[in-house]
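Written out below as structure tokens is the structure these notes cover.
The values are calculated or read from the model by the stated rules, or taken from the named source; none is laboratory data. Just so it is clear, the structure is predicted and the values come from calculations on it, not from any experiment. In this analysis, Cβ positions are derived from the backbone assuming ideal geometry, glycine residues included, and neighbour counts consider all displayed protein chains. Only protein heavy atoms, including side chains, enter the accessible area calculation; ligands, DNA and RNA are left aside. Shrake-Rupley method; radii C 1.70, N 1.55, O 1.52, S 1.80 Å.
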Amino acid sequence: MRLSRYFLPVLKETPADAQIASHRYMLRAGMIRQQAAGIYSWLPLGFKVLKRIEQIVHEEQQRAGHIPMLMPTIQPADLWQESGRYDDYGAEMLRIRDRHDRDMLFGPTNEEMITDIFRAHVSSYKSLPLTLYHIQWKFRDELRPRFGVMRGREFYMKDGYNFDLTEADAKHAYNRHLVSYLRTYERMGLQAIPMKAEGGPIGGDYTHEFLVLADTGESGVFYDSKVTDIRLGDREIDYDDVAQCEGVLDEFTALYARTDDTHDAAIFEERVPEERRREARGIEVGQIFYFGTKYSEPMGATVQGPDGKPTPVHMGSHGIGVSRLAGAIIEASHDDKGIIWPEGVTPFHVGIVNMRVGDEACDATSEALYGTLRTLGLDPLLDDTDERAGGKFATMDLIGLPWRITVGPRGLKNGVVELTSRRTGESEELSPEATVQKLAALYEGHL
Ligand code: 5CA
């Protein structure tokens with residue numbers, strides 16, 4: 001993309017009502033625009049990040065064997081009356097009436113709808129195990145929407161639902177989700193710690209939340225500091241391997257890590273040596289639930305078991321806050337100049353700053369770099385505007401691309417351009433060819 005043709009409405013001033021860094025930077029970098037409390041447009045730069053996050057979620061879900069689909073945002077109320085949640089959900093549910101006076105709602109989650117689809121089409125245990133998921137907009141009329149996309153009213157969520165014959169099979173589905181979530185967050189440059197949590201309106205008491213540690217997080221957390229040393233890394237996972245998935249769950253949940261809903265001071269003190277006890281704040285970027293037959297029983301989602309008898313299926317649901325993640329990643333990775341995108345989710349892979357637009361050598365080298373990088377499958381942003389150098393650098397720092405190539409007349413006299421890391425601020429002078437090679441190597445595995 002050429003910046004001269006792009007739509008990047010950056011703001012010079014810090015928006016007064018934005019209290020945390022991610023909200024400020026998303027507004028200043030022209031990523032989002034608020035349309036009503038907790039409701040945002042995703043401007044082109046923000047939209048690109050959202051899509052990169054979504055893509056990683058899709059890839060990791062499908063790697064785990066889960067099947068993508070799409071359900072609507074608007075749901076009929078009668079499904080929710082069947083499960084008994086229509087009244088329970090209260091004021092958070094946005095209720096709508098259509099022209100025929102039918103009660104509808106903007107879905108806050110999809111347990112009922114997916115259970116309805118399942119009961120209509122699946123009747124035998126031979127179709128199990130089955131995990132279906134979608135990534136769709138949700139609406140929850142939050143009491144206090146705040147912090148930009150972190151706590152929106154309209155937000156983008158991945159929600160997946162497993163259907164299994166037995167509790168043991170459903171536990172494996174739960175473990176599989178836990179592993180795939182760890183991989184998903186790590187690909188985004190995040191450490192998200194699974195913590196014992198509460199079921200809330202979704203239900204069940206077997207549930208973990210995934211928390212990214214951040215001072216601005218909305219959840220209070222208590223944990224053993226040793227838990228932050230564990231990484232999934234690039235170990236091979238066979239998602240059908242029951243023991244392996246359970247082993248990962250055990251490894252990641254053996255040490256004390258709980259949200260304030262489930263925190264127990266006595267157990268904390270008994271199990272965690274004093275020097276490792278941490279009390280902090282975190283951003284909840286996902287939650288997994290096993291709730292057995294809570295929906296399948298009242299809604300009649302049964303399958304014929306091996307013994308020929310109808311049995312209600314065991315279910316769980318598993319959510320990732322896709323739009324919230326855009327904010328969470330910025331909270332975890334920024335400095336006083338702006339955002340610092342991890343390579344996995346950056347909206348553009350590299351910024352090319354042409355220091356002297358109109359200079360023959362600068363224009364030719366910038367264009368050549370732009371073309372070659374694109375041929376290699378990279379997505380560069382070329383600043384071909386005639387703004388002064390200081391402004392160009394400030395914009396690049398604000399929008400946070402991990403790498404910047406500076407093309408200036410002085411360097412070109414010696415046949416070099418400058419490659420700068422946004423994270424460390426370190427620069428090196430390289431030939432344009434070596435620059436391309438280095439970037440291709442840096443992004444290997446991220447394309
Ligand atoms: N049905 C289950 C799992 S699919 C469910 O709805 N779980 S949830 O309520 O925990 O939501 C899943 C994730 O969505 C949360 O972990 C959080 O990351 C994100 N989320 C929830 N509410 C909001 C909100 N108001 N704004 C942005 N993200 C949200």
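Would you confirm whether any residue within the stretch 162-185 is free of Cβ contacts under 8 Å to residues at least 12 places away in the same chain and more than 19 Å from Ala64 (Cα to Cα)?
Scanning the stretch 162-185, I find no residue that is free of Cβ contacts under 8 Å to residues at least 12 places away in the same chain and more than 19 Å from Ala64 (Cα to Cα), so the answer is no.
I'd like to verify a number: residues in the stretch 270-293 that are part of a loop (DSSP other than H, G, I, E, B) and either within 16 Å of the ligand (Cβ to nearest atom) or open to solvent by 30 Å² or more (accessible area, probe 1.4 Å) (or both), how many?
2
Collect the residues in the stretch 325-335 that are surrounded by fewer than 24 Cβ atoms within 10 Å (Cβ to Cβ) and either near the ligand (Cβ under 8 Å from one of its atoms) or among the polar types (S, T, N, Q) (or both), keeping them in residue-number order.
Matches in the stretch 325-335: Ser333 only.
Out of all the residues in the stretch 7-21, is one or more among the hydrophobic types (A, V, I, L, M, F, W, C) and assigned to a helix (DSSP H, G or I)?
There is at least one residue in the stretch 7-21 that is among the hydrophobic types (A, V, I, L, M, F, W, C) and assigned to a helix (DSSP H, G or I).
Might you check whether a residue that is more than 22 Å from Phe106 (Cβ to Cβ), in contact with a Pro (Cβ under 6 Å, 6 or more places away or on another chain) and more than 10 Å from the ligand (Cβ to nearest atom) occurs anywhere in the stretch 193-203?
Looking through the stretch 193-203, none of the residues is more than 22 Å from Phe106 (Cβ to Cβ), in contact with a Pro (Cβ under 6 Å, 6 or more places away or on another chain) and more than 10 Å from the ligand (Cβ to nearest atom).
Anything in the stretch 1-21 that is under 21 Å from Pro145 (Cβ atoms), in contact (Cβ under 8 Å) with a residue 60 or more places away in the chain and open to solvent by 50 Å² or more (accessible area, probe 1.4 Å)? List them, or say none.
Within the stretch 1-21, Gln19 is the sole residue that qualifies.
Mind checking whether some residue in the stretch 348-370 is at pLDDT 95 or above, within 16 Å of the ligand (Cβ to nearest atom) and either more than 27 Å from Ala440 (Cβ to Cβ) or crowded, with 16+ Cβ neighbours inside 10 Å (or both)?
Taking every residue of the stretch 348-370 in turn, none turns out to be at pLDDT 95 or above, within 16 Å of the ligand (Cβ to nearest atom) and either more than 27 Å from Ala440 (Cβ to Cβ) or crowded, with 16+ Cβ neighbours inside 10 Å (or both).
Considering the stretch 294-324 alone, what residues qualify as being open to solvent by less than 40 Å² (accessible area, probe 1.4 Å) and of a type in the set (Val, Ile, Thr)?
Correct list: Val303, Val313, Ile320, Val322.
Being within 14 Å of the ligand (Cβ to nearest atom) and either surrounded by fewer than 20 Cβ atoms within 10 Å (Cβ to Cβ) or at pLDDT 95 or above (or both) is the requirement here; does Pro145 meet it?
Answer is yes for this residue.
Kindly list, by first and then second residue, each pair from a residue in the stretch 92-106 that is touching a residue at least 12 places away in the same chain (Cβ under 8 Å) to a residue that is among the acidic types (Asp, Glu) and part of a loop (DSSP other than H, G, I, E, B), limited to pairs with Cβ atoms under 6 Å and residues at least 6 apart or on different chains.
Taking only residues 6 or more apart or on different chains, the pairs are Glu92/Asp141; Leu94/Asp141; Met104/Asp98.
Tell me which residues, restricted to the stretch 83-133, are more than 15 Å from the ligand (Cβ to nearest atom) and modelled with pLDDT under 95.
Gly84, Asp87 - these are the residues of the stretch 83-133 that are more than 15 Å from the ligand (Cβ to nearest atom) and modelled with pLDDT under 95.
Mind checking which residues of the stretch 183-194 are closer than 30 Å to Gly30 by Cβ and either more than 11 Å from the chain's Cα centre (by Cα) or in a strand (DSSP E or B) (or both)?
Gln191, Ala192
Name the residues in the stretch 149-182 that are within 13 Å of the ligand (Cβ to nearest atom) and not in a helix (DSSP H, G or I), would you?
Arg151, Gly152, Arg153, Glu154, Phe155, Tyr156, Met157, Lys158, Asp159, Gly160, Tyr161, Asn162
Applying the selection to the stretch 36-70, what residues are aliphatic (A, V, I, L, M) and either over 25 Å from the mean Cα position of the chain (by Cα) or surrounded by fewer than 16 Cβ atoms within 10 Å (Cβ to Cβ) (or both)?
Within the stretch 36-70, Ala36, Ala37, Ile39, Ile67, Met69, Leu70 qualify.
Select from the stretch 399-447 the residues that are of a type outside the set (Gly, Ala, Ser) and modelled with pLDDT under 95 and write down the one among them that is nearest to the chain's Cα centre (by Cα).
Filtering the stretch 399-447 for residues that are of a type outside the set (Gly, Ala, Ser) and modelled with pLDDT under 95, the one nearest to the chain's Cα centre (by Cα) comes out as His446.
Could you check the stretch 336-345 and list, in sequence order, the residues that are farther than 23 Å from Gln61 by Cα and either within 16 Å of the ligand (Cβ to nearest atom) or open to solvent by 40 Å² or more (accessible area, probe 1.4 Å) (or both)?
Of everything in the stretch 336-345, those that are farther than 23 Å from Gln61 by Cα and either within 16 Å of the ligand (Cβ to nearest atom) or open to solvent by 40 Å² or more (accessible area, probe 1.4 Å) (or both) turn out to be Asp336, Lys337.
Could you tell me which of the residues Asp260, Asp238, Asp215 is surrounded by fewer than 18 Cβ atoms within 10 Å (Cβ to Cβ) and within 16 Å of the ligand (Cβ to nearest atom)?
Asp260 is the lone residue from the list that is surrounded by fewer than 18 Cβ atoms within 10 Å (Cβ to Cβ) and within 16 Å of the ligand (Cβ to nearest atom).
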